[in-house]
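Engineer: Please see the structure below; I have some questions.
Here, each number is a calculation from the coordinates, and none is a lab measurement. On a predicted model such as this, the values are computed, not experimentally measured, just so you know. For neighbour counting, all protein chains shown are included, and Cβ atoms are generated from backbone atoms with ideal geometry for every residue, glycine included.
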Amino acid sequence: MTDKKNKLEHIAVIMDGNGRWAQKRGMPRTVGHKKGAETVKEITRAAGELGIKYLTLYAFSTENWQRSEDEVNALMDLLREYLKSDIKELQENGVRIIFIGERDMLATDIVEQMKKVEEETINNNKMVLCIALSYGSRQEIVNAARRIAVLFKRGDIEPEDIDIKMFSDMLYTKDIPDPDILIRTSGEHRISNYLLWQLAYAEMFFTDTLWPDFSRKELEQIIQDYQTRERRYGKV
Ligand code: IPE
Ligand code: IPE
Ligand code: MG
């Protein structure tokens, strides 16, 4: 082991396995989502205490709209509850909350609550909690391309003006550095339309642990493991 330290600002998480956690116990999937929401609180707290500046959590994908109406409704109700009651602790701990994703697919009361939470926490600077909600990376990239096309059509830019920086600035994540670590729980080894652009050089961690069982201890182990990795960015 070396004593070099990799930069660690941003951890992105695919919180997966809620449904299986419940089904293993003979309970409806929604019970797993409820337990998963508890893990969100624990891990947010832990990340703050560990000095992580950005934590991005995949809460609901654009593809998750295709689940049963009952499950989608249960998830939206959990979200309403989270937006109302769990913000206080985040506020006290200096956490700024932002949302990324397709807002026009969400119910208006939820969108309003999201805006309110973003505004209320805008000056907090200990950590940024970014919640990916109704989020799909391909749609995000398509939206960016459209915005750039509009600028070109208006004559505001030339094709040569389009570069990596400019494109990044058109994404929902424009104010956030790229993730250093991606964690996916539940034993699935895929990205599922998450931060496709932003994860270009992230270190990947896949754990079999189901999200409701994921703990601060496991997060700490991942961070420790991350510090032993060599990030080469294509160099030698
Ligand atoms: C992750 O758990 C939460 C969401 C996708 C909303 P899942 O609901 O995908 O649980 P599994 O993967 O079916 O176990
Ligand atoms: C990814 O999990 C989305 C979230 C964690 C919110 P899924 O369970 O939806 O992904 P797939 O279907 O296994 O790829
Ligand atoms: Mg899943």
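Engineer: Can you give the FRET efficiency for ASP163 and TYR233, using 1/(1 + (r/R0)^6), R0 = 25 Å, r = Cβ-Cβ distance, to the nearest 0.05?
Structural biologist: 0.90
Engineer: In addition: Under 9 Å from the Cβ of GLY136, count the other residues' Cβ atoms, weight Lys and Arg +1, Asp and Glu -1, and hand me the total.
Structural biologist: Net of charged neighbours comes to -2.
Engineer: I've got another one for you. Pairs of Cα atoms under 8 Å, at least six residues apart: use those to get the relative contact order of the chain, whole percent.
Structural biologist: That works out to 29 percent.
Engineer: Considering only the other residues whose Cβ falls under 13 Å of the Cβ of ARG184, what net charge follows from Lys and Arg at +1 and Asp and Glu at -1?
Structural biologist: -4
Engineer: How charged is the neighbourhood of ILE110? Take every other residue with its Cβ under 13 Å from the Cβ of ILE110, and add Lys/Arg as +1 and Asp/Glu as -1.
Structural biologist: Net charge around ILE110: -2.
Engineer: Please work out, to two decimal places, the log10 of the ratio I(q)/I(0) at q = 0.13, 0.15, 0.17, 0.20 Å⁻¹ from a Debye calculation in which every Cα of segment 59-216 carries one identical scatterer.
Structural biologist: So the normalised log intensities work out to -0.75, -0.99, -1.24, -1.51.
Engineer: Please give the contour-minus-distance gain from ASN6 to ILE122: 0.36 nm per residue of separation, less the Cα-Cα distance, rounded to one decimal in nm. Before the final figure, lay out each step's value.
Structural biologist: Working: separation 116, 0.36 × 116 = 41.76 nm, distance 2.83 nm.
Fully extending the segment from ASN6 to ILE122 adds 38.9 nm.
Engineer: Mind ranking 154-161, 28-35, 180-187, 91-98 by how tightly packed they are, going by the mean number of other C-beta atoms within 10 angstrom, highest first?
Structural biologist: Descending packing order for the listed peptides: 180-187, 28-35, 91-98, 154-161.
Engineer: Further question: Among the listed pairs LYS35/LYS88; LYS35/LYS217; LYS35/LYS174; LYS88/LYS115, give every one whose C-alpha distance is greater than 22 Å.
Structural biologist: LYS35/LYS174
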